[in-house]
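Right, one structure below, let's go through it.
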Amino acid sequence: MFRASVFTLMPDMFPGPLGASLAGDAHARGLWSLETRNIRDHGLGRHRTVDDTPAGGGPGMVIRADVLASALDACLAADDPRPRLLMSPRGRPFDQRRARALAQGPGLVLVCGRFEGVDERVIAARGLEEVSIGDYVLSGGEVAAMVVLDACLRMLPGVMGKLESGAEESFEDGLLEYPHYTRPREWEGRPIPEALLSGDHARIARWRAQEALRLTAERRPDLLKGRDSG
Ligand code: SAH
C-alpha cells in the first residue's frame, strides 16, 4: 500500500478532493492510505504557537524549526523510507516523470508550509526536499500537496483501468496529447477529423502522432528541445 503522511496546519482540508473519484475509490479499495498530522499539536505553550517573526525583520511569520521537527520526529520512524517533500515555490518543479517515479515507491511524506514558509534550518536537518508545483505563490502547501498526491495516486497499479493506463497521456512521451472527439459525428457544423473515422489503425496512429507534435510545437516548444527528433 502507498502510504501518504501530510504535515499541515489545516488538517481539515484533507482528504478534500482526494476523497472523491479515482483517488477516493482507490482509497476505499485499500490501494493507498492517508495520515494527516496537525503541526499545531506540537506547538509551544498554552496557545500551541507554531510560528514567529522573521529574523532580520520583514512581513509575515515563519514556522519554527523546533516545532516542525518535533512534529516530524514524533510521527515518523527514523528508518521511514519514504521521500519527504516540502511544498515550496522555491523547489524543484514537479512533473509527470517525478510523479511516476514516486508512485513506484513506498509512499510520501508531505510537509505543507503556511505564512512566509518554514525556518530554513529544519529543511536540511530533517532531509526535506523542496518541491514546487509551478511558478506562482499559493497561500499554503495543502493544495500543492493534493496536486502531488493526485498525480501519483492515479498511477498506482490498479487505480486506473487497463484501457486508461495513461501510457498515451500528455507528457508521457514528452509531448502534449492529441485532440479527442466523440459522438456526434458532426456537431454545429464541425465534423470529426476524417482520419479518425477511417477504421485504419495505422492511419489513426499517424494522425494522432502528427497532431501531438503540432500541438506541442505550437503551445510548448520547450518540450521539444532536447528531444531526439527520431
Ligand atoms: N514566502 C514564500 C512563499 C510562501 S507561500 C516565498 O516567497 O517563497 C506559503 C506556503 O505555500 C509555502 O510555504 C509552501 O508550502 C506553499 N506554496 C506556495 N506556493 C507554492 C508552489 N508554487 N508550490 C508548492 N508549494 C507552494
For Ser132, residues with placed amide H under 5 Å, excluding near neighbours: Ser88, Gly91, Arg92, Phe94
Under the Karplus curve 6.51 cos²θ - 1.76 cosθ + 1.60, θ = phi - 60°, whole-Hz ³J(HN,Hα) for segment 32-40, x wherever Gly or Pro sits: 8, 10, 10, 10, 10, 10, 7, 4, 5
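Determine, from the Cβ-Cβ distance of Gln210 and Ser139 and an R0 of 45 Å, the FRET efficiency 1/(1 + (r/R0)^6), rounded to the nearest 0.05.
It comes to 0.60.
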Protein accessible area in segment 45-136, 1.4 Å probe - carbon and sulfur %: 50
Residues with amide H under 5 Å from that of Gly107, placed H, sequence gap 5 or more: Arg3
Virtual spin-label span in nm between Tyr181 and Arg29, 7 Å along Cα→Cβ: 3.2
Helical mean residue ellipticity (222 nm; -39500 (n - 2.57) per DSSP H run of 4+; nearest 500) of the chain: -9000 deg cm²/dmol
Reciprocal of mean inverse Cα separation for segment 2-153 (Kirkwood radius, Å): 15.8
Mean-position separation - Cα centroids, segment 128-204 and segment 51-97, in angstrom: 30
Segment 48-53 - phi-based ³J(HN,Hα) in whole Hz, Karplus 6.51/-1.76/1.60, Gly and Pro as x: 6, 5, 10, 10, 7, 6
Area of Trp32 that stays accessible when all protein chains are in place (1.4 Å probe, Å², to 10): 0
Helix axis angle, 65-75 relative to the chain longest principal axis, alpha carbon, degrees: 70
Of Phe94, Ala151, Val62, farthest towards positive along the dipole that unit charges on Lys, Arg, Asp, Glu beta carbons give the chain: Ala151
Area of Arg208 that stays accessible when all protein chains are in place (1.4 Å probe, Å², to 10): 80
Accessible-area order (highest first, 1.4 angstrom probe) of the listed residues Val62, Val148: Val62, Val148
Per-residue SASA entry for Phe14, accessible area with 1.4 Å probe, Å² rounded to 10: 20
Surface per residue (accessible, 1.4 Å probe) for segment 122-204, Å²: 62
Loop sites in segment 1-108: trypsin sites (Lys or Arg not before Pro), DSSP, at most 10 other Cβ within 10 Å: Arg29, Arg46
Per-residue HN-Hα couplings for segment 88-95 [Karplus 6.51, -1.76, 1.60; θ = phi - 60°; Hz; x = Gly/Pro]: 6, x, 8, x, 5, x, 6, 8
Stokes-Einstein diffusion coefficient of segment 104-219, Kirkwood radius over Cα pairs, 25 °C, 0.890 mPa s, in µm²/s: 134
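The values are calculated or read from the model by the stated rules, or taken from the named source; none is laboratory data. Everything numeric in this text was worked out from a predicted model, so none of it was measured. Note: ideal-geometry Cβ built from the backbone for every residue, glycine included; neighbour counts use all protein chains shown. With ligands, DNA and RNA removed, areas are computed over all heavy atoms of the protein, side chains included. Shrake-Rupley method; radii C 1.70, N 1.55, O 1.52, S 1.80 Å.
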